[in-house]
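Inspection log for the structure reproduced underneath, given as structure tokens.
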């Protein structure tokens, strides 16, 4: 069965997140009168942030709580004033929304696939960050739609997220929809359990850490056209 629609994860599949995160954090701290973070502090914030997003995926943390809890934990370790957390959290999202760093080959691939297959973003990221980033990157003009968990009301890998996406794509069988992303726990696991075809973007060659195996695994986005052709799509 040929693929007729691709669901693209955004962070670390289309847009590289670590440099955006680091610059957003730096600008937020400076904008609130705090010092620029050291490399070690940036790495520590990144680890805390990732842990909070994983907790959100598991339903252990609300989206609103995530926005400030990551900074409360980070500030508790740095010793910076806790009363600055709300301002820094808001400033961080505003700064992050302006940061665009492409994953190698992402822009060229979306352009090449434009008009040949439906292309949609599917992300757990917040509206106030992801929509401006997509527009700034010019990806809003290449995508046929954007599905955000904040709008849908369910986070990947919750089947409710993918059910809502499939309902918005009438006439497509689930095996005609390809979910591609870097996260095994949200993109791949959610896609598999919802009956979609899945492709794990794994540039670092990480080991498989979920019981199910993705339909496809790639180290580079340059491998995707060959897979699509094998699945009956004229690329």
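Things to note:
- Scanning segment 166-181 for residues that are within 14 Å of residue 145 (Cβ to Cβ) and surrounded by fewer than 22 Cβ atoms within 10 Å (Cβ to Cβ) gives 166, 167, 168, 169, 170, 172.
- The one condition in (1) part of a helix (DSSP H, G or I); (2) free of Cβ contacts under 8 Å to residues at least 12 places away in the same chain; (3) over 18 Å from residue 4 (Cα atoms) that residue 161 fails to fulfil: (2)
- The residue that is surrounded by the most Cβ atoms within 10 Å (Cβ to Cβ), among those in segment 182-197 that are touching a strand residue (DSSP E or B) at 6+ places or on another chain (Cβ under 7 Å) and farther than 24 Å from residue 51 by Cβ, is 196.
- Single unsatisfied condition, residue 195 versus (1) in a loop (DSSP other than H, G, I, E, B); (2) touching a helix residue (DSSP H, G or I) at 6+ places or on another chain (Cβ under 7 Å); (3) closer than 23 Å to residue 66 by Cβ: (3)
- For residue 139, the requirement of being assigned to a loop (DSSP other than H, G, I, E, B) and at pLDDT 95 or above is met.
- Residue in segment 167-188 that is within 18 Å of the chain's Cα centre (by Cα), in a loop (DSSP other than H, G, I, E, B) and under 29 Å from residue 65 (Cα atoms) present: yes
- Test for residue 55: is it within 18 Å of the chain's Cα centre (by Cα), more than 23 Å from residue 146 (Cβ to Cβ) and either crowded, with 16+ Cβ neighbours inside 10 Å or not assigned by TED's automatic domain parsing to the domain that holds residue 200 (or both): yes
The values are calculated or read from the model by the stated rules, or taken from the named source; none is laboratory data. Fair warning: this is a prediction, and the values are worked out from it, not measured in the lab. Reconstructed Cβ throughout: ideal geometry from the backbone, glycine too, with neighbour counts over all protein chains shown.
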